[in-house]
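J.: To start, I am sharing the structure in question, which I have written as structure tokens.
The values are calculated or read from the model by the stated rules, or taken from the named source; none is laboratory data. Treat the numbers as computed from the prediction; the structure is a model and nothing was measured. Just the protein is used for accessible areas: all its heavy atoms, side chains included, with ligands, DNA and RNA removed. Shrake-Rupley method; radii C 1.70, N 1.55, O 1.52, S 1.80 Å.
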Amino acid sequence: SIWMTCFQTRSGSPSLTSAGQAIAMIVALCLAALFAGEVRAHAALLNATPAAGQVLRTGPKEIRIEFSTEVDLAKVELHVADASGAELKLVAPDNGPAFGAIVLRRFADAPIWGDYTVRWRVFSVDGHWTRGDYSFHVGGG
């Protein structure tokens, strides 16, 4: 029987045979593989420059967003818009890496006085899209 294959009795207490140990190891590996996807987290925004809610005296020259895990930099969608909804032109660096935890873009023209909304969407190495947004203000401070 399967019981006899997996267990043997010594002094009235069951112990695993080598076949039982092998089956236990296979079950443990299958469970680990099954739940491995749950352990990997989606990309979450860790830091941003300019930061959410930040008030800047002058417009930034670039935007830098750091994520909790690497993202596919070729699939990054990053938009910065002023209060009227007009998007600012962003320039990606030349010859950057394919994957990384930091997204960097230069502004073609630095933002001037006003409120700005940053919207991002990234494809993380765990195979999922993540999105978010935040705002900053230029002028004052």
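J.: How much of Thr117 can a 1.4 Å solvent probe reach, expressed as accessible area in Å² and rounded to 10?
T.: Roughly 40 Å² of Thr117 is accessible to a 1.4 Å probe.
J.: Not counting ligands, DNA or RNA, and with a 1.4 Å probe, what is Arg105's accessible surface area in Å² rounded to the nearest 10?
T.: Looks like 40 Å² after rounding.
J.: May I pose another question? Step through the residues of the range 74-85 one at a time and calculate ³J(HN,Hα) from phi using the Karplus curve (6.51 cos²θ - 1.76 cosθ + 1.60, θ = phi - 60°), rounding each to whole Hz and writing x for Gly and Pro.
T.: For the range 74-85, the Karplus-derived couplings read 6, 9, 5, 10, 10, 10, 10, 10, 7, 4, 7, x Hz, x marking Gly and Pro.
J.: For a quick check of understanding: with a 1.4 angstrom probe and all protein chains in place, what accessible area in square angstrom does Val76 have, to the nearest ten?
T.: 20 Å²
J.: Report the Rg/Rh value for the range 63-114, based on alpha-carbon coordinates and the Kirkwood definition of Rh.
T.: Numbers: Rg = 12.2 Å, Rh = 12.2 Å.
Looking at the range 63-114, the ratio lands at 1.01.
J.: If you don't mind, another one. Fully extended, how many nm does the chain gain between Ser135 and Leu46 (0.36 nm per residue separation, minus their Cα-Cα distance)? Walk me through the numbers before you get to the answer.
T.: On the way: separation 89, 0.36 × 89 = 32.04 nm, distance 1.51 nm.
Answer, rounded to one decimal: 30.5 nm.
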